[in-house]
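> After the structure tokens below, expect a handful of questions from me.
The values are calculated or read from the model by the stated rules, or taken from the named source; none is laboratory data. None of the values given here were measured: they were computed from a predicted structure. We place every Cβ from the backbone using ideal geometry, glycine too, and count neighbours over all the protein chains shown. Just the protein is used for accessible areas: all its heavy atoms, side chains included, with ligands, DNA and RNA removed. Shrake-Rupley method; radii C 1.70, N 1.55, O 1.52, S 1.80 Å.
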Amino acid sequence: DLDVVGKELHCCFPQHFAQAIYANSVQCRSQKQPVTSTEWIEYGADLKAITLTLSPILNADGDVSQIVGTCQDMYRPDPLHKHWQIQAERFAHLIRENSDAVIVVDREGKVQYANKAAESLFHRPVSELIGEIFGLPVVSGERTDVDIIRKGGETAAAEMRVVETKGEGEITYVVASLRDITARKQSEESLRLRERAIAASSNGIIITDTRQPNQPVIYVNPAFERITGYGADEVIGRNCSFLQGYDRDQ
């Protein structure tokens, strides 16, 4: 399109795609070798993968005089690969509609893709997330609990899993899946507070499991041990009816 001639990259392409072209052109110029990468771009409601290739043109002195760029749609219609195309589109749909936030980060740590769930988790539109530094520690193959600062300063807790996507022996992308566990963390903290309150109580407290045969004791607090003289190791697993026996001289 002649309308793009003479314009800067960020005026013609999405921000993250323009940044990828610029970064690859610097590498292409310095190495004097073709550079290929895969970039993710949204077309309306669809997520598409574009293969971006930049090739240098050398002058008589061996310097790069021009760089020729080509883009290939990995999801282009092709009857020979129709089944693969359908599967890829289904996979892309699953990522977009996933209830977990999915973030794709490039080699420089910048966000290249974020799904709708990421908007809800970070309280920021996808347009603000794209191109930003991810900023969270990523450890491939491990599940990590991380704290997130949402837009406006509110904090949230998330469970993050990371997968690395490699190309030609080097890491090209990091895919992070984050699940909002703020409510669970709050419940766990509330439970810990109740446990500390029970443990500190001056009244003896005993808890039994009524779902099991003979309703065994599953918890006694320190006050119970002090009042009865029985240690927790003597009580756990027994029915509390033993307290009605004749051994009362503790």
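> Looking only at segment 119-126, decide whether some residue is hydrophobic (A, V, I, L, M, F, W, C), buried (at least 18 other Cβ atoms within 10 Å of the Cβ) and at pLDDT 85 or above.
Filtering segment 119-126 for residues hydrophobic (A, V, I, L, M, F, W, C) gives 121-122, 126.
With buried (at least 18 other Cβ atoms within 10 Å of the Cβ) added as a condition, the list becomes 121-122.
Still in the list and also at pLDDT 85 or above: 121-122.
Checking segment 119-126: at least one residue is hydrophobic (A, V, I, L, M, F, W, C), buried (at least 18 other Cβ atoms within 10 Å of the Cβ) and at pLDDT 85 or above.
> What is the number of the single condition among (1) part of a helix (DSSP H, G or I); (2) open to solvent by 60 Å² or more (accessible area, probe 1.4 Å); (3) modelled with pLDDT of 75 or more; (4) in contact with a Leu (Cβ under 9 Å, 6 or more places away or on another chain) that His93 does not meet?
Of the numbered conditions (1) part of a helix (DSSP H, G or I); (2) open to solvent by 60 Å² or more (accessible area, probe 1.4 Å); (3) modelled with pLDDT of 75 or more; (4) in contact with a Leu (Cβ under 9 Å, 6 or more places away or on another chain), the odd one out for His93 is (3).
> Can you tell me which residue among Gln15, Gln66, Gln87, Gln33 is surrounded by fewer than 16 Cβ atoms within 10 Å (Cβ to Cβ), modelled with pLDDT of 75 or more, under 29 Å from the mean Cα position of the chain (by Cα) and not β-branched (Val, Ile, Thr)?
Working: Gln66 fails: under 29 Å from the mean Cα position of the chain (by Cα); Gln87 fails: modelled with pLDDT of 75 or more; Gln33 fails: under 29 Å from the mean Cα position of the chain (by Cα).
Criteria check complete, one pass: Gln15.
> Condition first: among the hydrophobic types (A, V, I, L, M, F, W, C) and closer than 21 Å to Asp145 by Cβ. Now tell me which residues in segment 183-220 satisfy that. Don't jump to the end; show me each part of the working.
Step one: list which residues in segment 183-220 are among the hydrophobic types (A, V, I, L, M, F, W, C), which gives 183, 191, 193, 197-200, 205-207, 217-218, 220.
The answer is Ala183, Leu191, Leu193.
> Now a separate question. Could you list, ordered by first residue, the pairs with Cβ atoms under 9 Å in which the first is in segment 51-69 and over 18 Å from Tyr22 (Cα atoms) and the second is open to solvent by less than 60 Å² (accessible area, probe 1.4 Å) and part of a strand (DSSP E or B), at least 6 apart or interchain?
Leu58/Val64
> Where residues in segment 147-164 are assigned to a loop (DSSP other than H, G, I, E, B) and at pLDDT 80 or above, which of them is nearest to Val102 (Cα to Cα)?
So in segment 147-164, the residues assigned to a loop (DSSP other than H, G, I, E, B) come out as 150-154.
Retained after the next criterion (residues that are at pLDDT 80 or above): 150, 154.
Numbers: Arg150: 16, Glu154: 20 Å.
Ranking the candidates gives Arg150 first.
> To continue, here is another question. For the condition open to solvent by 90 Å² or more (accessible area, probe 1.4 Å), among the charged types (D, E, K, R) and modelled with pLDDT of 90 or more, what is the one hit in Arg226, Arg192, Arg248? I'd like the intermediate steps shown before the answer.
Values: Arg192 fails: modelled with pLDDT of 90 or more; Arg248 fails: modelled with pLDDT of 90 or more.
From the options Arg226, Arg192, Arg248, the qualifying one is Arg226.
> For Gly135, work out the one condition from (1) farther than 19 Å from Tyr22 by Cα; (2) modelled with pLDDT of 80 or more it doesn't fulfil.
Every listed condition holds for Gly135 apart from (2).
> Working only within segment 203-219, note down all residues that are assigned to a strand (DSSP E or B) and either surrounded by 14 or more Cβ atoms within 10 Å (Cβ to Cβ) or at positive phi (or both).
Ile206, Thr208, Val217, Tyr219
> Among the residues of segment 221-247, count how many are in a loop (DSSP other than H, G, I, E, B), under 44 Å from the mean Cα position of the chain (by Cα) and over 22 Å from Arg194 (Cβ atoms).
Initially, segment 221-247 is screened for residues in a loop (DSSP other than H, G, I, E, B), giving 221, 229-231, 236-239, 245-247.
Okay, now just the ones that are also under 44 Å from the mean Cα position of the chain (by Cα), so 221, 236-237.
Pick out the ones that are also over 22 Å from Arg194 (Cβ atoms) and you get 237.
So the answer is 1.
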